[in-house]
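See below for the structure under consideration.
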There are 2 protein chains.
Amino acid sequence: MKKSMLVNEVSEKTGLPKSEVEIIVNSMLDSITDALKAREAVSFIGFGSFVPVKKNAREIFIPGTTQKVQVEEKYGIKFKPSKKLKAIIEEA
Amino acid sequence: MKKSMLVNEVSEKTGLPKSEVEIIVNSMLDSITDALKAREAVSFIGFGSFVPVKKNAREIFIPGTTQKVQVEEKYGIKFKPSKKLKAIIEEA
């Protein structure tokens, strides 16, 4: 499912105009991005949390060679589904 | 950041009433949950995708014992950040 289909669905379910739904969905994704950029977790009770995770600096082999290269410390994102969401997905 | 704070922020940014933002955010999370329950991925261009992942059945040791137990096949969720989101998070 793509964002445009989700926007249609939410608009139908709520009776609110597509244009408004789209503005809100985009603004929400922007706010989540800004929070993660500030290394802040974003949590939705009953759904799950987006959590910034630090990946330590490490040395890796260049594939196919015996040469090592240093990978710097960097941040990634992990999504931790809530217990409720996990249960729904597992059951289905 | 919790959902209530996100709703406030989105309401301020968009000028749309908090009550509407909350209805849309909740409806959106419900639609994502329903799609994942149907084993369908949900993708937001420029942000990332929620992908259902199958975890194969396997045998594990009961911690602290030498006894094995069968864990059944089950589904989980993975969030794959978009290249854009990854870059924003890494840079910050």
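A short reminder: the numbers here are calculations on the coordinates, not readings from a lab. Keep in mind it's a predicted model, so treat the numbers as computed, not measured. Cβ atoms come from the backbone with ideal geometry, glycine included; neighbour counts cover every protein chain shown.
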Inter-copy separations for B:Asp30, label at 7 Å along Cα-Cβ, nm, ascending: 2.7
By a straight-distance test (C-alpha under 16 Å), which aspartates and glutamates pair with B:Lys54 as possible cross-link partners, with residues fewer than eight away in the same chain excluded? A:Glu90, A:Glu91, B:Glu40, B:Glu72, B:Glu73
Please find, among residues of chain A, the one with the beta carbon closest to the rotation axis relating it to chain B, distance in whole Å. A:Phe79, 2
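Rounded to the nearest 20 Debye, what is the dipole magnitude of the protein assembly as shown about its Cα centre when Lys and Arg each give +1 and Asp and Glu each give -1 at the C-beta?
Details: 32 positive and 24 negative charges, 156 e Å.
In total the dipole reaches around 740 debye.
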Can you list, bin by bin at 10 Å, the percent of alpha carbon pairs in the protein assembly as shown, starting at 0? 9, 30, 32, 18, 9, 2, 0
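Quick one, could you list the DSSP H helices from chain B stretching 27 Å or more along their long axis (Cα atoms) with average Kyte-Doolittle hydropathy of -0.5 or above? Show your work: numbers first, answer last.
Working: long enough: B:18-37 (28 Å, 0.24).
Correct list, ordered by number: B:18-37.
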Check cross-link reach from A:Lys68 to the aspartates and glutamates: straight Cα distance under 13 Å, and skip same-chain residues fewer than eight apart. A:Glu59
Counting other Cβ atoms within 10 Å, which GluC sites (Glu not before Pro) in region A:1-85 have at most 16 and lie in a DSSP loop? A:Glu40, A:Glu72, A:Glu73
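May I ask for the net charge around A:Pro17, where only other residues with Cβ less than 15 Å from the Cβ of A:Pro17 are counted and Lys, Arg are +1 while Asp, Glu are -1?
-3
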Between their Cα atoms, which of B:Lys18/B:Lys78; A:Lys18/A:Lys78; A:Lys2/B:Lys80 are more than 25 Å away from each other? B:Lys18/B:Lys78; A:Lys18/A:Lys78
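Please report the orientation-averaged projected area of chain B, defined via the convex hull of its C-alpha atoms, in nm².
Numbers: hull surface 37.7 nm².
Approximately 9.4 nm², given one-decimal rounding.
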List, shortest first and in nm to one decimal, how far the label point of B:Val69 (7 Å from Cα along Cα→Cβ) is from its counterparts in the other copies. 4.4
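Magnitude of the Cβ-charge dipole of chain B, K/R +1 and D/E -1, about the Cα centre, nearest 20 debye?
Values: 16 positive and 12 negative charges, 82 e Å.
Value, rounded to 20: 400 debye.
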Euclidean distance between Cα centres, region B:63-92 to region A:7-60, Å: 18
How high is the relative contact order of region B:45-88, given as a whole-number percent (alpha carbon pairs under 8 Å, six or more residues apart)? 51
Once the dipole of the protein assembly as shown is set up from charges on Cβ (+1 Lys and Arg, -1 Asp and Glu), the residue from the list A:Thr65, A:Asn8, B:Ser19 lying farthest towards its positive end is A:Thr65
Tell me the distances, shortest first, between A:Lys86 and the same position across the other copies, using label points 7 Å along Cα→Cβ, in nm to one decimal. 2.6
Grab the DSSP H runs of chain A that are 4 residues or longer, score each as -39,500 (n - 2.57), total them, divide by all residues and round the 222 nm result to the nearest 500 deg cm²/dmol. -14500 deg cm²/dmol
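In peptide A:49-62, what is the residue-averaged number of other protein chain Cβ atoms found within 10 Å of each Cβ?
Working: counts 2, 5, 0, 2, 1, 0, 1, 0, 0, 0, 0, 0, 0, 0.
Taking all residues of A:49-62 together, the mean is 1.
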